[in-house]
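Input: a single structure, listed below in structure tokens.
The values are calculated or read from the model by the stated rules, or taken from the named source; none is laboratory data. The structure presented is a predicted model; accordingly, all values stated were derived computationally and were not measured. As a convention, Cβ positions derive from the backbone with ideal geometry for all residues, glycine included, and neighbour counts pool all protein chains shown.
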Amino acid sequence: MKQVTKQLMEHTSSKPMLAVLKIQSLVLYEIQTFFRERDFIELPPVITAPLTDPLAHGVHPASIEYEAQYLHLTKSMIFHKQIALLGDLDKIVIISPNVRLEKSSEAKSRHLLEFQQIDFEIKGGKKEDVYTLMEDLLIRITEVCKTKCAHELTFLGRTLPTLKMPFPRLSTDEMKQKYGDDFEAILSKTMTTPFWLESFYREFYDKEDPTTPGCFINYDLIYPEGFEEGLSGGERENDYETIIRKMDERHMDKSAYEIYLDLAKEKLIPQTAGAGFGLQRLLRYLTGIRTMEQVVLFPRSPREPIIF
Ligand code: ASN
């Protein structure tokens, strides 16, 4: 048997992997139940689209040519979430496969090339709604894992903390001043509870505070114990002039955004707030396994060859 075949077999049939998959199955069930109980409508994901998230950091292009069209593999459901809420839907959630071909030289330990993002959006929602929802969800997931996957957690040597609301909220500006550019990693290592980092300069679609230009009503949820970023989101920009100004500031090519901008101009994009969190990053935190490749059955990683 070839070495690589042996490697694949050992990985897929290992005992820690079985424990991870049991936890993953429970977590997926809890996530879907949690959102359903709160009247979110689950939508199937969009996998190819003429327009996808521009992302704040550069990745290799991932698109396919279909006859006369270029279709991008979805990097996040952001624009589809906003447009889905333009009618009578109020709250949506999508378990969305995202493809981001991270540059291997710049990729962090939390990056995968392909992952599942639980992407949700609330019409008329505010930052506070997202915080309460996510804190409730994380508390529920950790508690359910402790009772229903006690055996697996013990086997993995993981003791999950008892999380309490509200999670701390920290401003990126203040933390940068205090800890320097590496503030996020430093804080993640020192904190013992998940916490919110607030106000990032990034993609145009996150809302800039109209009363304080340069401040943004957006947030990341950071896992403690060095597990780093788990969620990104924000209240959304829906005013046409503001969107155009922010796209110009970011030197964006607007040609792909024709329909999106048309809808914004007609004031049809609703005010919403939302976020997305990665399933595999959550699993890393829950299982205590630090290596991303070890929590995925068939990993697509910027750090190693993709073997199957
Ligand atoms: N899904 C994220 C959001 O809702 C965006 C992202 O993944 N880049 O803000």
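What the table below lists for this structure:
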quantity: Residue pairs meeting the criteria (Cβ under 6 Å; at least 6 apart or on separate chains; first at pLDDT 95 or above, in region 250-267; second assigned to a loop (DSSP other than H, G, I, E, B) and of a type in the set (A, V, I, L, M)); calculated: L263/I269
quantity: Residue satisfying all of: in region 46-80; in a loop (DSSP other than H, G, I, E, B) and among the polar types (S, T, N, Q); nearest to D262 (Cα to Cα) among these; calculated: T52
quantity: Selected residue (criterion: farthest from the ligand (Cβ to nearest atom)) from residues of region 66-78 that are of a type outside the set (S, T, Y) and touching a strand residue (DSSP E or B) at 6+ places or on another chain (Cβ under 8 Å); calculated: L71
quantity: Some residue of region 21-43 being within 16 Å of the ligand (Cβ to nearest atom) and assigned to a loop (DSSP other than H, G, I, E, B); calculated: yes
quantity: Counted residues, region 199-238 - those being in a strand (DSSP E or B), under 18 Å from G276 (Cβ atoms) and either in contact with a Phe, Trp or Tyr (Cβ under 7 Å, 6 or more places away or on another chain) or free of Cβ contacts under 8 Å to residues at least 40 places away in the same chain (or both); calculated: 13
quantity: Selection status of D220, surrounded by fewer than 19 Cβ atoms within 10 Å (Cβ to Cβ) and either at pLDDT below 95 or charged (D, E, K, R) (or both); calculated: no
quantity: H111 being at pLDDT 95 or above and in contact with an Asp or Glu (Cβ under 7 Å, 6 or more places away or on another chain); calculated: yes
quantity: In region 81-96, the residues that are assigned to a strand (DSSP E or B), under 12 Å from G276 (Cβ atoms) and not aliphatic (A, V, I, L, M); calculated: S96
quantity: Matching option when the condition is in contact with a helix residue (DSSP H, G or I) (Cβ under 6 Å, 6 or more places away or on another chain), among the charged types (D, E, K, R) and under 30 Å from S14 (Cα atoms), among E143, E152, E237; calculated: E152
